[in-house]
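The values are calculated or read from the model by the stated rules, or taken from the named source; none is laboratory data. Note that the structure is predicted; figures quoted are calculated from it, not measured. Because the Cβ atoms are built from the backbone with ideal geometry, glycine has one as well, and the counts that use them run over all protein chains shown. The area values use the complete protein model at the heavy-atom level, side chains included, leaving out ligands, DNA and RNA. Shrake-Rupley method; radii C 1.70, N 1.55, O 1.52, S 1.80 Å.
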Amino acid sequence: MAPMPASSETYSIAGLERPVEILVDRWGVPHVYAADDLDVFVGQGFAVARDRLWQIDVWRKRGLGQLAADYGPSFVEADRAARLLLYRGDIEPEWAAYGEDARAVTEAFVRGINAYIALVDAEPARMPVEFTRTGTRPARWNAEDCVRIRSHGPLYNFARELIRADIVGAFGMEAELARKRPEPKWTIIPAEGLGAEPIPAEVRRIFELGTGQPNFADASNPSAELGGSNNWAIAGSRTDTGRPILASDPHRLLLLPALRYVSHLSAPGLDVIGAGEPAIPGIAIGHNATSAFCLTIHPADQSDLYVYELDPEDSSTYRYGDGWEHMEIVEEELAVRGEVSRKIQLTFTRHGPVLHVDHQARRAYVLRSIWSQPGSAPYFGALRYIRATSWDEFVEARSHWLTPTVNHVYADVSGDIGWIMSGHVPTRRDWDGLLPVAGDGSREWDGFMPADAHPSIHNPARGWVATANEMNLPEDFDYATWRPGFEWCDPTRYQAIARELEKGKRHGLGDSQALQTSFASITAERLVAALPGVTLVAGEARRAAALLGDWDGVVGGDSAAAMLFEIWFRRHLIEAVLEQLAPGAFARIGATDIAGYDTLQITDLMVRPDARFGPAPEARRDEIVDTTLAAAWREAVAHGGHDPSVWRWDKLHHAQFVHPLSALTGTADLDTPRVGKGGSGLTPNAADYRPDDFRMTVGASFRMVLDIGEWDRGVFINAPGQSGEPRSPHYSDHLDYWGREDYLPLLFSRAAIESATELRIILEPASDAPW
């Protein structure tokens, strides 16, 4: 790699002990070098603000409930909901939970952010376009902002608990089991008393207002958090170099700017590179000089809905035990753009925030969650493990990780690989957390599953570990005691990964890249293999079966069969099977989230129909296939014309990174181009989509593959680009690579970084600096 000429910028900023050097490489990654272990985090904060100032400003204001001050009265409800979810406990145990230097690290990080904000104030030409278009300004940060905000991370399984309660109440338990079976095998403990009453829709609405991505065109309809992820580690005995390989591709909402930010932090005692949440310090997914680490969601249950009986004479008093308790009422002022400030009330019980009060029914609905516990700022626990040099050190460090619950996968230069579940899971002795319960004290958490009970695998004989959000509790795990959760993703992504890793060949970096981007669908393979045994009557159904019959189940972008299959499975078959098992339930649930359905059960029933399909199961199965395949064929013709040879899945299925302000401003100049994509929500290259327009909602915008020890051979992608600044060359320069499933170098050595540096930023300490 030939060295490239680098431009240079120098700034004097307060709060530094010594100079900091930031080398920005040709792919937009800032490599921060400091001689002081806190100055490096000042540099990280400065780099983040330089690239993502509007994004992190919105993150902070959304989390603190301050969007209405910038964007008007439509955000008042969302601001109030967000404030309900803030951490309001003692700040000292909060900081202590993340390690002895966590507060100092975070203070340094926000000094860097504030230094860049001051620079923008002094030089208005640097102001990101989003601020100028909306007439807003970035606000200064406090270190506590980073930890008090909980709602930027996923919280399982509150929304799913509400869906389940609704389906059970409307259609019965059998309908719920048709929608989603618990795993491992479990008999759901029925709701009783107050918990069995219908739950007002307002409860879920307020929760989603407080946790969803802000919708600037319609503040009442935020984007819900969805996703899944893959990761694996392969022992050196199974690779072509004799060194372990670690791969990570977390799947979250496709956002612009990208959800994660890649940076490199180098200082005495610290040399770590990888991806983190832009608005908090550190690296959650990456590697240091000896160890690599990554994560996927392990959807353990960290929340419950508590229903309270209210005193008929005083709606601020609720029944608890043998008596009554008063709610805590907090009054706050909420600034609103274009209006006078509003007074709002926030109400809390001993268990958490009150999301909704039904005065007529005399009921209050409260979220109890891990977020009320000290140390539960999502992803902040990574600060403890970024310096780990061995498996044992990593296991101990991640034992303090509270939320979200994750599958940590690890590999190091000594050859160790491993998987361990991390996160605080409440112990529920008398119920399973799958349905709402009364808040009267009869259903209390009994502490948390201890860290030494977390399941793990270390250096397995098979030579690899992998996770894909599937049910991965070991057979000997005592789930009946700990009851960590019963809701998981369809296991077929994991099965496709395991099938490749089990092959006898030596595995290389290219193999992991191909596996991360694989469009193989075991669901498609199984359903297509079953079609020859199905009696079809409709001519369109027979033509559809003929087209699918020669297909290998790879949901490639250029595949006509993939287009037909996805239309059939996602838009017709799921609904038809659920309507057979639970009439009316599909319309109640909606069709947007494939994780809301038991897609494995649907596939199993198509392959082996049983009595749930009536007295003649195979005949009824055939009717369903005949009707839905014919309908899918007609829809495919409507989309692609009468000649299947020109059909392509990527003509329908696509990604587009749309700027959050596009709908508000009526302009699309900040959006990326449309990118046709293969895959689906059930392929390793996870690409779930909205069934109404086939636009991807979730995917792996960040991917990483590492050759452990030969760190400069590591590769990554962070689509659409590292920067959120539309004027930056790194705003969307990863998009083409991502669109064709390609990767970029993730350089680690100083020599390699110097050769790829395009910009050198020097931060000099100056006590009298204007920023």
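Points to keep in mind about this one:
- One residue from THR535, THR517 being open to solvent by less than 40 Å² (accessible area, probe 1.4 Å) and of a type in the set (S, T, N, Q): THR517
- Among the residues of the range 171-227, just one is of a type in the set (Phe, Trp, Tyr), open to solvent by less than 40 Å² (accessible area, probe 1.4 Å) and more than 17 Å from PHE158 (Cβ to Cβ), namely PHE216.
- Filter result (closer than 26 Å to ARG695 by Cα and assigned to a loop (DSSP other than H, G, I, E, B)) within the range 589-643: GLY590, ALA591, THR592, ASP593, TYR597, ASP598, GLY641, HIS642, ASP643
- Helices (runs of 4 or more DSSP H) contained in the range 123-174 and holding at least 3 residues under 30 Å from VAL105 (Cβ atoms) and within 20 Å of the chain's Cα centre (by Cα): 143-148
- Restricting ALA267, ALA279 to residues that are open to solvent by less than 10 Å² (accessible area, probe 1.4 Å), at pLDDT 95 or above, on the phi < 0 side of the Ramachandran plot and of a type in the set (Gly, Ala, Ser) narrows the list to ALA279.
- Contacts under 7 angstrom Cβ, first residue in the range 503-518 being farther than 22 Å from GLY709 by Cα, partner among the polar types (S, T, N, Q), 6 or more apart: THR517/ASN685; SER518/THR683; SER518/ASN685
- Looking only at the range 19-65, and only at residues there that are part of a strand (DSSP E or B) and of a type in the set (Asp, Glu), the one that is least open to solvent (accessible area, probe 1.4 Å): ASP25
- Given (1) touching a strand residue (DSSP E or B) at 6+ places or on another chain (Cβ under 9 Å); (2) modelled with pLDDT of 95 or more, index of the condition SER237 fails: (1)
- Flag if SER248 is closer than 22 Å to GLY699 by Cβ, open to solvent by less than 10 Å² (accessible area, probe 1.4 Å), within 20 Å of the chain's Cα centre (by Cα) and among the hydroxyl-bearing types (Ser, Thr, Tyr): yes
- Subset of the range 380-394 (residues that are more than 19 Å from the chain's Cα centre (by Cα) and either closer than 15 Å to CYS294 by Cβ or open to solvent by less than 10 Å² (accessible area, probe 1.4 Å) (or both)): TYR385, ILE386, ALA388, TRP391, PHE394
- The single residue among GLY709, GLY739 that is in contact (Cβ under 8 Å) with a residue 40 or more places away in the chain, among the small types (Gly, Ala, Ser), within 30 Å of SER662 (Cα to Cα) and open to solvent by 10 Å² or more (accessible area, probe 1.4 Å) turns out to be GLY739.
- The strands (runs of 3 or more DSSP E) falling completely within the range 262-339 that include 1 or more residues that are among the aromatic types (Phe, Trp, Tyr) and in contact with a Lys or Arg (Cβ under 6 Å, 6 or more places away or on another chain) map to 303-311.
- Residues that are among the basic types (Lys, Arg), in contact (Cβ under 8 Å) with a residue 12 or more places away in the chain and either within 21 Å of ARG398 (Cβ to Cβ) or open to solvent by less than 50 Å² (accessible area, probe 1.4 Å) (or both) do not occur anywhere in the range 462-476.
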